[in-house]
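Note sheet for the following structure.
The values are calculated or read from the model by the stated rules, or taken from the named source; none is laboratory data. Values in this document were obtained by computation on a predicted structure and should not be read as measured data. Here the Cβ is made from the backbone with ideal geometry for all residues, glycine too, and neighbour counts use every protein chain on show.
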Amino acid sequence: MSDQFKMEIIEVIAPGDFKYFLDVPRSIHSFDPNFISFMDPDLEKILTKKNKRVTGNNLKLWIAKDDVGAPLGRIAAFFEEDKITGGIGFFESVDNKQVSSSLFDVAMEFLRHSGMQYVNGPINFGERDKFWGLLVKGFRAPLYQDNYNPPYYQELFESYGFQLKFSQTTYEITPELFKPDKVRKQADKIEESDEYRIEHFKRHSLESYANDFAQIYNASWTEYEHFEPLSKERVISLMESLDHIIREDLIWFTYHNDRPVAFYVSIIDVNQILKHLNGKMNIWGMLKFLWYKKFTKVDRVKGLAFGVVPEFQGKGIYSAMVMRMYELIKNDPYLKSSELSWIGDFNRRMQNLLRGIGAQECKVHYTYELNL
């Protein structure tokens, strides 16, 4: 592609434009064997009025087309009321700085005009554990709702002026890598104590576990930037949305004298199934999902979240829950590994814990910042 060519940037307004927006990455990455499309319904929940954060003029989408209407890229820009830092996300572009810079330009102008002083990206206008960060290392097939992009995206961001704010590392652990002796002693103390109880999630008690999850999460994550407290109702909604991929024995809770003090939440790597759907969950997509779910032997799980109430950290609870997961994966006939994503470089404690048990770095995502 030449450096100069005819291109137009179009704001997404009509329903047909939004469909085009969803299709952009499927066109750009059609020959990339590692690419797995996001599911259209997941993006609709974030980038339309279905998202309660969308108040009217705080979210805009654009698409880039060439002179014959072929997709060249896309971008979303958004902000929260009463804040000075906005965000961009769901960015896609061909390997051309004219395209990427034009998309960045319209997004920056919108955010600047809206009173923003800083921009973070690529981030999500929703939960921080999904659709977040630019992949800069480990260009392998992504886990469910993890951002994937080709290597040249890093140059597109950094040449525009984006600077690293923090990195997020994904670690992989297998039974072969795991070092049980590092945690067995502490785990045994918890397992043998009458004060502690570890149990896995059970669907029929969803409301109770949702309340426990919210309590632990809200106590464990208050010190981190972008923290927003979770309600029991919000957790129930999240769990119900994941019901089709939840395995009860992959979600663990620890209690101290019946007080919820820790959780460890994993899900199957549903992308091994969803890659056959190309982002579509229509009737045909649903049938394909059920077919591939029945016959696909998923061999990887995704660690979604781990939390311990601060006053119970360092007591061996982490070790006990990790041992439970180790035994589960070791004894499962199909599971081979677990990926634990979204470990920020500011969370040194968790990084050291994972490295200590033998987990290896397999992917790195960057979150960038730009001063307007």
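Selection over region 35-72 of residues that are over 24 Å from Asn271 (Cα atoms) and either surrounded by fewer than 15 Cβ atoms within 10 Å (Cβ to Cβ) or of a type in the set (Phe, Trp, Tyr) (or both) gives a count of 11. Can you pull out the residues in region 309-322 that are surrounded by 22 or more Cβ atoms within 10 Å (Cβ to Cβ) and not small (Gly, Ala, Ser)? Residues satisfying the conditions are Ile317, Tyr318, Met321, Val322.
Within region 204-224, is even one residue more than 17 Å from Val309 (Cα to Cα) and under 20 Å from the mean Cα position of the chain (by Cα)? Let's see the steps before the verdict.
So in region 204-224, the residues more than 17 Å from Val309 (Cα to Cα) come out as 204-208.
From the residues that got through so far, the ones that are under 20 Å from the mean Cα position of the chain (by Cα) too are none.
No, the conditions are met nowhere in region 204-224.
Residue by residue, here is whether (1) at pLDDT 90 or above; (2) within 20 Å of Tyr148 (Cα to Cα); (3) assigned to a loop (DSSP other than H, G, I, E, B) holds:
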position	(1), (2), (3)
Tyr326	yes, no, no
Tyr334	yes, no, yes
Phe346	no, no, yes
Glu361	yes, yes, no
Tyr366	yes, yes, no
Glu369	yes, yes, no
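Take Gly133 and decide whether it is buried (at least 21 other Cβ atoms within 10 Å of the Cβ) and under 28 Å from Gly344 (Cα atoms). In short, yes.
Within region 239-253, the set of residues being closer than 15 Å to Asn211 by Cβ and in contact (Cβ under 8 Å) with a residue 40 or more places away in the chain comprises Ile251, Phe253. Summed over region 68-82, the residues that are part of a loop (DSSP other than H, G, I, E, B) and either small (Gly, Ala, Ser) or modelled with pLDDT of 90 or more (or both) give a count of 5.
What about Phe18, is it aromatic (Phe, Trp, Tyr) and in a helix (DSSP H, G or I)? Write out each step before concluding.
Details: aromatic (Phe, Trp, Tyr): yes; in a helix (DSSP H, G or I): yes.
Yes: the conditions hold for Phe18.
Exactly one residue out of His204, His200 is within 27 Å of Arg247 (Cα to Cα), without any contact (Cβ under 8 Å) to a residue 24 or more places away in the chain and either surrounded by 17 or more Cβ atoms within 10 Å (Cβ to Cβ) or of a type outside the set (D, E, K, R) (or both): that is His204. Every condition in (1) out of contact with any helix residue (DSSP H, G or I) (no Cβ under 9 Å at 6 or more places or on another chain); (2) at pLDDT below 90 holds for Ile245 except the one numbered (1). Of the residues screened, Ile63 is not one that is under 18 Å from His365 (Cα atoms) and at pLDDT 95 or above. Close Cβ contacts (under 9 Å, 6 or more residues apart or on different chains) running from residues in region 120-133 that are among the aliphatic types (A, V, I, L, M) to residues that are part of a loop (DSSP other than H, G, I, E, B) and surrounded by fewer than 24 Cβ atoms within 10 Å (Cβ to Cβ) comprise Ile123/Phe131; Ile123/His226.
Restricting attention to region 160-189, the residues that are in a loop (DSSP other than H, G, I, E, B) and over 25 Å from Asp332 (Cβ atoms) total 2. Of the residues making up region 15-34, those that are surrounded by fewer than 19 Cβ atoms within 10 Å (Cβ to Cβ) and under 29 Å from Gly115 (Cβ atoms) are Asp17, Phe18.
Scanning region 78-103 for residues that are without any contact (Cβ under 8 Å) to a residue 40 or more places away in the chain, buried (at least 22 other Cβ atoms within 10 Å of the Cβ) and among the aliphatic types (A, V, I, L, M) turns up just one, Ile88.
Out of all the residues in region 135-159, which are outside any loop (DSSP other than H, G, I, E, B) and within 15 Å of Asn34 (Cα to Cα)? So that I can check it myself, show each step before the final result.
Pass one, region 135-159, residues outside any loop (DSSP other than H, G, I, E, B): 135-137, 153-159.
Across region 135-159, the qualifying residues are Leu135, Val136, Lys137.
For (1) outside the structural domain of Val54 (by TED's automatic domain parsing); (2) over 19 Å from Glu11 (Cα atoms); (3) in contact with a Leu (Cβ under 8 Å, 6 or more places away or on another chain), each residue gets a yes or a no:
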residue	(1), (2), (3)
Ala77	no, no, yes
Lys83	no, yes, no
Glu92	no, no, no
Asp105	no, no, no
Phe125	no, no, yes
Gly133	no, yes, no
Gly138	no, yes, no
